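A short write-up of the structure that comes next.
Only the coordinates and a few stated rules stand behind these numbers; no lab work does. Just so it is clear, the structure is predicted and the values come from calculations on it, not from any experiment. Here the Cβ is made from the backbone with ideal geometry for all residues, glycine too, and neighbour counts use every protein chain on show.
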Amino acid sequence: MAILDEQQLHNLAMNIVGKDLEKQGYEFLGVNSKLKKNPQFVALRDKKLHFVVVRAVRYPNDPALYDEKLMTKMKDHADKFNARTFYAGVGLAHQANYELPVNSDDDYVVQYAGLKEIV
């Protein structure tokens with residue numbers, strides 16, 4: 001059993017959000033899966049540019065909460081490109097026991113409420 005590190009949790013969250021974006025008809029222009037490199041997705045939908053910041057959030061932290069200073073900075077950056085800015089928080093927990101870390105052998109629970117626009 002290997003406990004997932006920060007980069008692995010981040011990649012898992014990116015896969016979850018990426019599949020959601022694909023389902024909604026987004027066209028990816030850029031994908032950045034490195035930790036602390038923002039935004040994670042630059043995508044087009046309806047001829048409009050979208051910047052999406054993805055965060056993997058461990059239980060018991062709330063995936064709906066985000067770093068307002070970072071997201072304001074991202075919105076200011078996106079505004080220069082006439083783009084919309086979104087936050088996508090993905091809560092992850094061990095399925096059998098939320099207190100245990102997420103690992104490579106056991107199932108996990110996802111709490112993802114979709115994209116939250118930063119206005």
Charge dipole (debye, nearest 20) of the chain; +1 at Cβ of Lys and Arg, -1 at Cβ of Asp and Glu: 680
Proportion of all alpha-carbon pairs of the stretch 1-87 beyond 20 Å (%): 35
GNM result for the chain, Cα springs below 10 Å: residue of Arg55, Arg84, Arg45 fluctuating most strongly: Arg45
Top of Gln95, Gln40, Gln24 by mean-square fluctuation, Gaussian network on the chain, Cα under 10 Å: Gln24
Whole-Hz couplings from phi, Karplus 6.51/-1.76/1.60, listed for the stretch 105-113; x for Gly and Pro: 9, 10, 5, 10, 9, 10, 10, 9, 9
Contact order normalised by residue count of the stretch 1-67, Cα under 8 Å, 6+ apart, percent: 26
Order of Val31, Val53 under a 10 Å beta carbon neighbour criterion, fewest first: Val31, Val53
Antiparallel content of DSSP bridges confined to the chain, in %, to 5: 65
³J(HN,Hα), Karplus 6.51/-1.76/1.60, whole Hz, each residue of the stretch 88-94, x for Gly, Pro: 10, x, 10, x, 10, 8, 5
Pairs beyond 20 Å (Cα-Cα), from Lys36/Lys69; Lys47/Lys69; Lys19/Lys116: Lys47/Lys69
GNM flexibility winner over the chain from Gly30, Gly91, Gly18 (Cα, springs under 10 Å): Gly30
Per residue convex hull volume, Cα atoms of the stretch 44-100, in Å³: 77
The chain, relative contact order [Cα under 8 Å, separation at least 6], %: 25
Residues Thr85, Thr72 arranged by fewest to most Cβ contacts within 10 Å: Thr72, Thr85
Alpha-carbon centroid distance for the pair the stretch 62-96 / the stretch 1-53, whole angstrom: 11
